[in-house]
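The values are calculated or read from the model by the stated rules, or taken from the named source; none is laboratory data. Here the structure is a predicted model, which means the values were calculated and not measured. Cβ atoms come from the backbone with ideal geometry, glycine included; neighbour counts cover every protein chain shown. With ligands, DNA and RNA removed, areas are computed over all heavy atoms of the protein, side chains included. Shrake-Rupley method; radii C 1.70, N 1.55, O 1.52, S 1.80 Å.
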Amino acid sequence: MYVCSDENCQNALFGAMLSRHMNQLEQLKQFTVVVADTGDFESLKQYAPRDATTNPSLILKAAQMPGYQFVLDKVIADSKKLSLSGEAKLRQVMDELLVAFGIEILKIVPGRVSTETDANFSFDTQALVAKAKKFIDLYQKQGIGRERVLIKIASTWEGIRAAEILEREGIHCNLTLLFSFPQAVACAEAGVRLISPFVGRIMDWYKKSTGKEFAPAEDPGVVSVKEIYAYYKTFGYKTEVMGASFRNTGEILELAGCDLLTISPQLLGELKSTEKPVERKLSPEKARDAKVQKISLDEKKFRWLFNENAMATEKTAEGIRLFNADAMKLEKFIVPKL
């Protein structure tokens, strides 16, 4: 009779036993923190993620849904007590709406919620710091401690510097719109709590520019996250890696074992609907076997390396524009109600 004594063999057998009668979402949760990329409370209840992320696009969508009218109604009602008017009042209501959705989300998830700063502040370090502190103050007034909130900031040089300041003050950040290795290295050196590399949007760019289709293991977005993960684990950075912006479950499963993965309700549903085995692809032990060279970045080197990466330059700029456009749509939706 064959006896499985090899450690890899035993791990494989254990994984196979574990996967029996467990769907892929349940299996994934064994070695990756699952985060819901949505402002939809019902999806949060259905898939039971630990954390949740939001952005202007998701809040705009949720605010227009009848089921969440109560959140908007309360913020609008409270705004009538403000001694503000015009643009100042609109800015205050926008901030309070983002926090109000965050508070409702935290009633459902046990972990953290990410609340996004204004996209048009992406190149203004001091404005980002001020907005982050305002968000934390609004949360604290509602009894939510800063340990349950991540401030989302675009991964520009100015955004990373803002996060460095905030992290030193105990305000933790989620650096979003991250498309390149230099951005990831700069975030780690700044002591950022978490980064969100945008897997699907990276793949979108390469698919459009090359006309090629990519298997999950060769997906440029997947490869990018694996490179960042290996670098962080090799050199002992505490910054968490959270893959984001997925286009299919193949990308997700290829990153099984990443610190966190933020996943849309549609893809969470697909993972939940199948019991095919999930293999852990990333681990700190495997990552430390990778041959990676440490680099250091000052502002000039960061900007040059970022400039040389056409995909990262274009997708970061595009992402900032899109988030700003959706924030403006949300404003137009709110103004008549004021």
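Observations
- Note on Phe70 and Lys286: the extension gain reaches 73.0 nm, defined as 0.36 nm multiplied by sequence separation minus the Cα-Cα distance.
- DSSP-defined antiparallel bridges as percent of all bridges, the chain, nearest 5: 0 percent
- The angle between the Cα long axis of helix 299-308 and the longest principal axis of the Cα atoms of the chain comes to about 70 degrees, rounded to the nearest 10.
- Relative contact order (percent, whole number), the chain, Cα cutoff 8 Å, 6+ residue spacing: 22 percent
- Cα-Cα over 32 Å, subset of Lys80/Lys315; Lys226/Lys276; Lys45/Lys226; Lys107/Lys131: Lys80/Lys315
- Cα centre as origin, Lys/Arg/Asp/Glu Cβ charges: the chain dipole, Debye: 540 debye
- Counting only protein heavy atoms and a 1.4 Å probe, the chain has 47 square angstrom of accessible area per residue.
- Farthest toward positive dipole pole in segment 60-152 [+1 Lys/Arg, -1 Asp/Glu at C-beta], among Phe123, Gln64, Gly111: Gly111
- The Rg/Rh ratio of the chain, with Rg taken over Cα atoms and Rh as the Kirkwood radius over Cα pairs, comes to 0.99.
- 0 to 90° range, to nearest 10: angle between helix 125-141 axis and the chain longest Cα axis: 80 degrees
- Fully extended contour minus Cα-Cα distance, from Leu338 to Ile295, at 0.36 nm per residue: 10.4 nm
- Rg and Dmax of segment 74-194, based on Cα coordinates, read 14.7, 47 Å.
- With every protein chain in place, the chain: carbon and sulfur % of accessible area (1.4 Å): 53 percent
- Distant alpha-carbon pairs in segment 251-320 (separation over 21 angstrom), percent: 56 percent
- Degrees separating the helix 7-19 axis from the principal Cα axis of the chain, which is the longest one: 50 degrees
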